Ligand SMILES: NC(=O)c1ccc[n+]([C@@H]2O[C@H](COP(=O)([O-])OP(=O)(O)OC[C@H]3O[C@@H](n4cnc5c(N)ncnc54)[C@H](O)[C@@H]3O)[C@@H](O)[C@H]2O)c1
């Protein structure tokens, strides 16, 4: 395992082997529905043990019952990711659930989308109302708690002396098309999804000390409960091709199966753009921009990755 270097886009067409995932323990937040459920199904089918942390108790318990009946390797923990104690308990339970008392992979998937109060106009004859920032609260604060806990357990398991003996661990953050595209009327959701790339950019430089890595999966429109039926019908009516939850799940397995994948962003797209349903956008570096590369070098000099490590 090495420090971060830009090594070009990951080949998303070549076959990969999920054998490495057998017996590993993964945590999926927001795993009771939608894309999270697809990640859970793919991980457990690949041989992993999976802890689902979700605030939807009814759906979470139902999924646990179904999958645990088939594989005996799935556990649901009721968890609101904005609540630190809930998330701490999720990680503690995952350690107990693991055959090796270790957590290998964390998928910070839980997220919400709401009509955006930051954008909406309060009206000519009203004072502006304090905006509801619950999207920021769940998508950023909740995910930062997940990132903090993931790093804590990874460091406890692997130490911070980089060596080949360290066991692979990873954090996968969930962005969106809204993490790199212009999405009108949604400043809060866009901010929260760009933030996933910000977290990744910071952690990708230091994760190797504890044998870890961090990547982002950014799904395009996938039909789940995140938007209303009417909203998805509108998207469909203007000719937008949806992406598939199963392709997002394959993208996750691709990332987790290859220890060399660190600091990349993947777009889970309509098949018209990618034959496998996902691609490495190679968005996260500036290979053709000498000025930005130079500024980045100065930034690293001014905040060296080794200094004040983890204290
Ligand atoms: N579906 C899409 O089109 C799409 C596109 C881009 C990105 N995403 C992202 O994918 C992720 C999953 O979205 P989805 O489409 O599957 O949505 P979904 O609404 O179908 O599922 C989200 C899950 O997260 C859980 N959740 C929400 N708030 C929570 C909280 N505070 N604590 C714990 N669990 C919580 C919900 O109970 C649910 O099980 C989100 O981060 C979302 O932003 C989705």
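We did not get these values from a lab; they are worked out from the coordinates using the rules stated. Computed from a predicted structure; not experimentally measured. When we count neighbours, we look across all protein chains shown, and the Cβ atoms used for this are built from the backbone with ideal geometry, even at glycine.
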Burial-style ranking of 191-197, 251-257, 115-121, average other-beta-carbon count within 10 Å with highest first, yields 251-257, 191-197, 115-121
For a quick check: sort 82, 29 by the number of other beta carbons within 10 angstrom, fewest at the front.
82, 29
Got a sec? How would 264, 234 order by Cβ neighbour count within 10 Å, fewest to most?
234, 264
Three-way shape label, the chain, alpha-carbon gyration tensor, a/c 1.5
rounded
What does DSSP give for the chain in terms of the percent of beta bridges that are antiparallel, rounded to the nearest 5?
10 percent
Taking the chain as a Gaussian network, Cα atoms linked when under 10 Å apart, which of 249, 46, 150 shows the biggest mean-square fluctuation?
46
Alpha-carbon centroids, the stretch 164-191 and the stretch 63-101: separation in whole Å
23 Å
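Going by average Cβ neighbours within 10 Å, how do the peptides 241-248, 210-217, 159-166 rank, with the highest at the top?
Packing proxy ranking, top to bottom: 210-217, 241-248, 159-166.
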Per DSSP H run of n ≥ 4, the term is -39500 (n - 2.57); total these for the chain, divide by its residue number, and report the mean residue ellipticity at 222 nm rounded to 500 deg cm²/dmol.
-11000 deg cm²/dmol
